[in-house]
Amino acid sequence: MLIAVTSSGDSLDSLVNEKFGRCQYFIIVNADTMKYEVVPNPAENAQGGAGPKAAEVLVNKGVNVLLTGHVGDKAEEALKKGHIHIITGLNENTKIADAIKFYLSKK
Amino acid sequence: MVISIASGKGGTGKTTVACGLASVTNNCVYIDCDVEEPNGHILLKPKITLEESSYKIIPKINNDLCNFCNKCTEVCEFNALLNFKTEIYLIDELCHSCGACTYFCPQKAITEVKKENGKIRIGETSNNILFYDAYLKVGEASAAPLIKKVKNAYKGDRPVIIDSPPGTSCSMLEAVKDSDFCVLVTESTPFGFNDLKLAINVLRQINIPYGIVINKYDENFSLLDEYIHDNQLNLLLRIPFRMDIAESYSKGELPTETVKDYKVMMLDLLEKIKKEIVKKEYA
Ligand code: SF4
Ligand code: SF4
């Protein structure tokens, strides 16, 4: 299972970025191996439609679960279309590693 | 004669001024271009006689012809098209109908189809104002095409009052462009002042003569008066902050009908605007 977290930095120690479409990076963690990949968000500075564009990246990476702060309507439409399970409500004081641990412990 | 009423920010009382002005302009047409939140109808209470859907053009992708080359998603400036590898997916609210995707698709896999994006209403008020407004569907990213449609829906030569959407976006630009005169409504607050400057900037760039109406005027906020004075701007009217006026529009009533001197203020405003327009024509 691949879990993506919206991040303001490029490591597991980075803090969460709450804004899905405008975050700097996605940290995509493989829950089985705990290996991770850092993917820059190509939509960070997009004029419009940042959320859907970001969703496209995650869908094509085969992500199953997204952990983030909040997601706009159009991004949600695109994520659902790509069968990504969305979990919102993350706080920007949380480290990526902790967000993942928390999700796995609750699952 | 086309007069537009605009405001750098929402909540300045722009619609009250626009409707007030319409109610004292003989035989006029009122067009509500604030398509995301039209509320001129609340004050003018028109009888709606016609309601019709408005459409925009969106691309339709034939996934059998598509080879997922990605050209369309690259040329779409609005990120409306997503490549999910087995399907090109359109977020249709984001589409601005520019046609680029259809034009550039090497496989001719895209055709254009119509999609409802809002509706336009036409009506008439009891005192013979011809009334137009429009409703943009929730979530639609682009308001300008619908604004253009509702503006162009009236083709006669009666005086036209255009109620512009607030702000200084392309929606506002679409609403005020090609008017003979624009009335900028502001209020005596730092926010009102700041957004007024932005709106003035827009009007200067597109070369539309304008004047200023200060609503909820507060003489203690002197920055605004000083700015108008120092830049020799055309101050048309100060509407005092008064309970009877506030009460009237909060009850959905037009102050020109319930507050005696409000009507006088609007008549005076109209005369000043007419003079400005004549001045421009002879200039
Ligand atoms: S440009 Fe045409 S062929 Fe290429 S991905 Fe888009 S629809 Fe498919
Ligand atoms: S018509 Fe223009 S805005 Fe709409 S999807 Fe195609 S390229 Fe994007």
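Suppose accessible area is computed on protein heavy atoms with a 1.4 Å probe; arrange B:ASP133, B:ASP64, A:ASP13, B:ASP261 from highest to lowest.
These residues rank, largest area first, as B:ASP64, A:ASP13, B:ASP261, B:ASP133.
GluC sites (Glu not before Pro) within region A:21-86: which are DSSP loop residues with at most 16 other Cβ atoms inside 10 Å?
In loop regions of region A:21-86 (DSSP not H, G, I, E or B), the sparsely surrounded GluC sites (Glu not before Pro) are A:GLU44.
Subtract the Cα-Cα distance of B:ASP261 and B:ASP225 from 0.36 nm times their separation in residues, and report this length gain in nm to one decimal.
10.7 nm
Return the subset of A:LYS53/B:LYS9; B:LYS148/B:LYS260; B:LYS177/B:LYS280; B:LYS177/B:LYS274 for which the Cα-Cα distance in this structure is over 25 Å, preserving the input order.
In this structure, A:LYS53/B:LYS9; B:LYS148/B:LYS260 lie more than 25 Å apart at Cα.
Ignoring any ligand, DNA or RNA, what whole percent of the accessible area of chain B comes from carbon and sulfur when the probe is 1.4 angstrom?
Whole-percent figure for carbon plus sulfur exposure: 51.
Using the Cα centre of the protein assembly as shown as the reference point, and only Cβ charges (+1 on K/R, -1 on D/E), how large is the resulting charge dipole? Debye, rounded to the nearest 20.
The dipole magnitude comes to about 720 debye.
Enter the mean number of other protein chain beta carbons within 10 Å of the beta carbon of each residue in B:57-66, as an integer.
Average neighbour count from other chains, rounded to a whole number: 0.
Would you mind putting B:158-165, B:190-197, B:239-246 in packing order, based on average other-beta-carbon counts within 10 Å, highest first?
The packing order, highest mean first, is B:158-165, B:190-197, B:239-246.
When the solvent-accessible surface of protein heavy atoms is calculated with a 1.4 angstrom probe, in what order do B:ASP32, B:ASP218, A:ASP10 fall, highest first?
A:ASP10, B:ASP218, B:ASP32
Ignoring ligands, DNA and RNA, what percent of the 1.4 Å accessible area of region A:2-106 is carbon and sulfur?
Of all accessible area on region A:2-106, carbon and sulfur atoms account for 47 percent.
Quick one: Karplus J couplings for region B:44-51, per residue in order, coefficients 6.51, -1.76, 1.60, θ = phi - 60°, nearest Hz, x for Gly and Pro?
Each residue's phi maps through the Karplus curve to give 7, 6, x, 8, 7, 10, 8, 9 Hz.
Just to check I understand the Karplus step: with θ = phi - 60° and J = 6.51 cos²θ - 1.76 cosθ + 1.60, what whole-Hz values come out for region A:34-44, glycine and proline as x?
Calculated HN-Hα couplings, in order: 6, 7, 9, 10, 9, 10, x, 7, x, 9, 3 Hz.
What dipole magnitude, in Debye to the nearest 20, does region B:214-283 give about its Cα centre under +1 on Lys/Arg Cβ and -1 on Asp/Glu Cβ?
300
Calculate log10 I(q)/I(0) of chain B for q = 0.09, 0.15 Å⁻¹, where I(q) comes from the Debye formula with a single equal point scatterer on each Cα and nothing for solvent.
At q = 0.09, 0.15 Å⁻¹ the computed log10 ratios are -0.49, -1.06.
On a C-alpha basis, how far is the centre of region B:144-187 from the centre of region A:80-97 in Å? Whole number, if you could?
Using only Cα atoms, the two centres lie 42 Å from each other.
Might you report the magnitude of the Cβ-based charge dipole of chain A about its Cα centre, with Lys and Arg at +1 and Asp and Glu at -1, to the nearest 20 debye?
220
In µm²/s, what is D for the protein assembly as shown at 25 °C and 0.890 mPa s, where D = kT/(6 pi eta Rh) by Stokes-Einstein and Rh is the Kirkwood radius from Cα pairs?
Estimated diffusion coefficient is 103 µm²/s.
Gaussian network model of chain A, Cα springs within a sub-10 Å range: biggest mean-square fluctuation belongs to which of A:GLY62, A:GLY21, A:GLY48?
Maximum among the listed residues: A:GLY48.
Residues of B:73-82, mean number of Cβ from any other protein chain within 10 Å of their own Cβ, rounded to a whole number?
5
Where only protein heavy atoms count, and the probe is 1.4 Å, what is the accessible area per residue for the protein assembly as shown in Å²?
The answer is 49 Å² per residue.
Only protein chains counted, 1.4 angstrom probe. Which residues of region B:107-143 are at least 10 Å² less accessible in the assembly than when their chain is isolated?
The answer is B:GLY139 - residues whose exposure falls by at least 10 Å² when every protein chain is included.
Net charge near B:ALA100, counting Lys/Arg +1 and Asp/Glu -1 over other residues with Cβ under 12 Å of its Cβ?
-2
Of the GluC sites (Glu not before Pro) in region B:210-283, which ones lie in a loop per DSSP and count no more than 16 other C-beta atoms within 10 Å?
For GluC sites (Glu not before Pro) across region B:210-283 that sit outside H, G, I, E and B with at most 16 neighbouring Cβ atoms in 10 Å, the list reads B:GLU219, B:GLU253.
Evaluate peptide A:70-76: per residue, the Cβ atoms of other protein chains within 10 Å of its Cβ; return the mean as an integer.
Mean shielding count: 2.
Post the alpha-carbon centroid distance, region B:1-67 to region B:112-133, in whole angstrom.
One Cα centre to the other: 8 Å.
How far is the Cα center of region B:196-272 from the Cα center of region A:32-54, in Å?
With region B:196-272 and region A:32-54 each reduced to a Cα centre, they are spaced 47 Å.
Hey, with R₀ at 45 Å, roughly what FRET efficiency would B:ASN234 and A:ASN30 work out to, going by the Cβ-Cβ distance, to 0.05?
Rounded to the nearest 0.05, the efficiency is 0.10.
May I ask which residue of B:ILE48, B:ALA80, B:ALA153 lies farthest towards the positive end of the charge dipole of chain B, with charges of +1 (Lys, Arg) and -1 (Asp, Glu) on Cβ and the Cα centre as origin?
B:ALA153
To the nearest hundred square angstrom, how large is the accessible surface buried between A and B, total for both chains, probe 1.4 angstrom?
1200
Rounded, prolate or oblate, given the Cα gyration tensor of region B:130-181, with a/c below 1.5 counting as rounded?
The shape class here is oblate.
The values are calculated or read from the model by the stated rules, or taken from the named source; none is laboratory data. Nothing here was measured: the structure is a model prediction, and the numbers come from that model. Cβ coordinates were reconstructed from backbone atoms using ideal geometry, including for glycine residues, and neighbour counts include every protein chain displayed. Please note that ligands, DNA and RNA were not included when accessible areas were found on the heavy atoms of the full protein model with its side chains. Shrake-Rupley method; radii C 1.70, N 1.55, O 1.52, S 1.80 Å.
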